[in-house]
Amino acid sequence: MNYQPKKLIKDIDPNDVQKFKESFNINTKVLTEGDEGYEKSILRWADNAIKKAGIVVQATCLEDIVKTVNFANKNNLDFATCCGGHSTSGSSSSEGGIVLDMRKLNKVRVDAEKKLIYAQGGALFGEVDSEAWKHGLATVGGIVHHTGIGGLSLGGGFGHLTSKHGLTIDNIMGATIVTADGEVRELSANKNEDLFWAIRGCGINFGVVYEFIFKAHEQKEVFAGLLLFPAEKLDSLVEAFNLWLKVRGVDENASFLFNRFPPENKPTIGVLLFSNDPSEQVFREKFSLIYKCGEPIIEKVERMSYPELNMLVSQTNDYGDRKAMLNAQINCLNISSIRKVYDSYIKFTNENPETSQTDIVFDLHSAEKFAAIPPDSTAFHPRKQIYNVVIIQRWKNEHDDKIVYNWAKSIQNILSKDGDETLYVNFVDTSDYEEYDEKKLKNGWGENFERLKELKRKYDPNVFFRKGAVIFP
Ligand SMILES: Cc1cc2nc3c(=O)[nH]c(=O)nc-3n(C[C@H](O)[C@H](O)[C@H](O)COP(=O)(O)OP(=O)(O)OC[C@H]3O[C@@H](n4cnc5c(N)ncnc54)[C@H](O)[C@@H]3O)c2cc1C
């Protein structure tokens, strides 16, 4: 592929850089190394995603985005947009290039009558949840409140409400974006329909989203919480979940994970149960099969608000350490593969104690709602009953990167036998894409891939947006 390599700030005329910095109004900070606030501005959820940007523009208005895109594109600069900073691949960072930091663009307003949420492209899902909750409303967001709406929404978006209301993208009613040519475009079902189609599943390739409009749904309090079972319960829990999957409705969800419980790092099976109803009795009825597995070591379940639900696992998924995510999509819970995965997890974390905070999460959302939508109606393709398994690797030292990655790959390989090669792009790590591998990317977008290439040719022919799972025309 013959695309011009990207330049760094140090490669361009310092006078142009100075003029660019001076062109912003007083509210907008443009930071370089040494400036107050710079180190904080390059922090990311995973330490390995932190890079020393040449310039960070902390945008405060739409015009700042336009100006930054135009300057970066004109100078062919390495460019990244950052919202929540949760991508572990470093796709929201730049080593020496320019970062458009969206975090100050985090206003959320709700039109309760029309049941619409207007959220600026730098907001976190926790900010969307709390604003909507004031009106008794909610949309489909991520299950960790500090995740950014920018990255999560543009790749698809799974959350506690997916079983009932589909993916996050199925609840996007419109967006305002700045494309590579610096144009501001409004997207909806009847405005710029081709881009509206593309951003719902492949958004990071087509522009910077200034604002999303989400559909909101009436939401009451829920009953939910966490249980911790001894590792010996693995087989009976998998059996119980298999039975539950046959009878579950869309108003409930569950996930389970392999983890090690500090301070002794004892292996346990964590279970997160969610009933979309405030009643404890309804909750216990919905999950009676799980409770039949025996007494949990710890049980913390209660009635709570929807924003609180999305904070249940926020602390255990905190900032710091090196991290990476690999994902497998399975269509059944096969005890023999799950047992293999568990044994490998225990062996690996025993032999590499620095990785003991690594988790493997099995999310059991129902696809009833999102699989009812045809796969070509948005860029997101895998609209079928699949369960996301996420291998959240956490370790300390750079010299262990390869060991951890190779082990996670081996887990992905075990699980891929129970599904197919479908990928959820939000868990694609660029380390997987060091060399452009079109075949792998096609696993993310399936039959929509050719159309996405065409649209990339039309809206971003020089591949200005070149971070994360990138499409080359
Ligand atoms: C703790 C944790 C929990 C998670 N939970 C879920 C979950 O419940 N459901 C789920 O589906 N996924 C989940 N994910 C995966 C998540 O969807 C991705 O990591 C996503 O990329 C995070 O978005 P971000 O804005 O925080 O990240 P960032 O690193 O800021 O951005 C990720 C990508 O999006 C682009 N981007 C960000 N904002 C914009 C914007 N406004 N316009 C254009 N491009 C933009 C960036 O350029 C970058 O390429 C989780 C990840 C973590 C780390």
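A few comments on the model shown:
- Of the GluC sites (Glu not before Pro) found in segment 365-461, the ones in coil according to DSSP and having at most 10 other Cβ atoms within 10 Å of their Cβ are 434, 435.
- Backbone amide hydrogens, once placed in the peptide plane, bring residue 76 within less than 5 Å of nothing, excluding anything fewer than 5 places away on its chain.
- Volume per residue of the C-alpha convex hull in segment 12-101, rounded to whole Å³: 89 Å³
- The modelled label-to-label distance between residue 245 and residue 406, using points 7 Å beyond Cα along the C-beta direction, is 3.2 nm.
- Where N is the number of residues in segment 222-427, Cα Rg divided by 2.2 N^0.38 Å: 1.02
- The HN-Hα couplings worked out from phi for segment 305-319 by the Karplus form 6.51 cos²θ - 1.76 cosθ + 1.60 (θ = phi - 60°) are 7, 5, x, 5, 4, 7, 10, 4, 10, 5, 6, 6, 10, 7, 6 Hz, whole numbers, x standing for Gly and Pro.
- Degrees between helix 193-202 axis and first principal axis of the chain (Cα, 0 to 90, nearest 10): 50 degrees
- For residue 29, nonlocal amide neighbours, meaning residues 5 or more places apart or on other chains whose placed amide H falls under 5 Å from its own, are 58.
- In segment 222-427, Cα pairs under 8 Å separated by at least six residues give a relative contact order of 27 percent.
- The alpha carbon radius of gyration of segment 54-166, expressed as a multiple of 2.2 N^0.38 Å, is 1.16.
- Kirkwood-type radius of the chain, with distances r between different C-alpha atoms, in Å: 22.8 Å
- Within a straight-line Cα-Cα reach of under 26 Å, residue 115 can be paired with the following lysines, leaving aside sequence neighbours fewer than 8 residues apart in one chain: 104, 107, 134, 164, 191, 215, 220, 369.
- Sequence-separation-based contact order of segment 12-101, relative, with Cα cut under 8 Å and 6+ spacing, percent: 33 percent
- Three principal axis extents describe the C-alpha atoms of segment 288-395; from largest down they are 45, 33, 33 Å.
- Centroid-to-centroid separation of segment 265-295 and segment 347-411 [C-alpha atoms, Å]: 22 Å
- HN-Hα J in Hz across segment 50-55 - Karplus 6.51, -1.76, 1.60, θ = phi - 60°, x for Gly and Pro: 7, 10, 7, 5, x, 9
- Within the accessible area of the chain, the carbon and sulfur atoms contribute 50%, probe 1.4 Å, all protein chains present.
- Extension gain for residue 298 to residue 26 (0.36 nm times residue separation, less C-alpha to C-alpha distance): 92.8 nm.
- Remark: segment 130-143, residue by residue, has Karplus-estimated 3J(HN,Hα) of 6, 5, 5, 4, 4, 10, x, 10, 7, 10, 7, x, x, 8 Hz, where x stands for each Gly or Pro and the curve is 6.51 cos²θ - 1.76 cosθ + 1.60 at θ = phi - 60°.
- Between amide H atoms placed 1.01 Å from N, distances below 5 Å from residue 269 occur with 229, 231, all of them 5 or more places distant or on a separate chain.
- Accessible solvent surface per residue of the chain, calculated while the other protein chains remain in place, 1.4 angstrom probe, Å²: 42 Å²
- Percentage relative contact order, segment 84-217, counting C-alpha pairs under 8 Å, at least six apart: 25 percent
- For segment 108-219, the mean projected area of the C-alpha convex hull, equal to one quarter of the hull surface, is 6.2 nm².
- Cross-link reach is defined here as a Cα-Cα straight distance under 19 Å, omitting same-chain residues fewer than 8 places apart; for residue 439 the lysines meeting it are 409, 417, 453, 456, 467.
The values are calculated or read from the model by the stated rules, or taken from the named source; none is laboratory data. Source: prediction; values computed, not measured. Quick reminder, even Gly has a Cβ in these numbers, built from the backbone with ideal geometry, and neighbours come from all protein chains shown. Side chains are part of the model used for accessible areas, which takes the heavy atoms of the whole protein and leaves out ligands, DNA and RNA. Shrake-Rupley method; radii C 1.70, N 1.55, O 1.52, S 1.80 Å.
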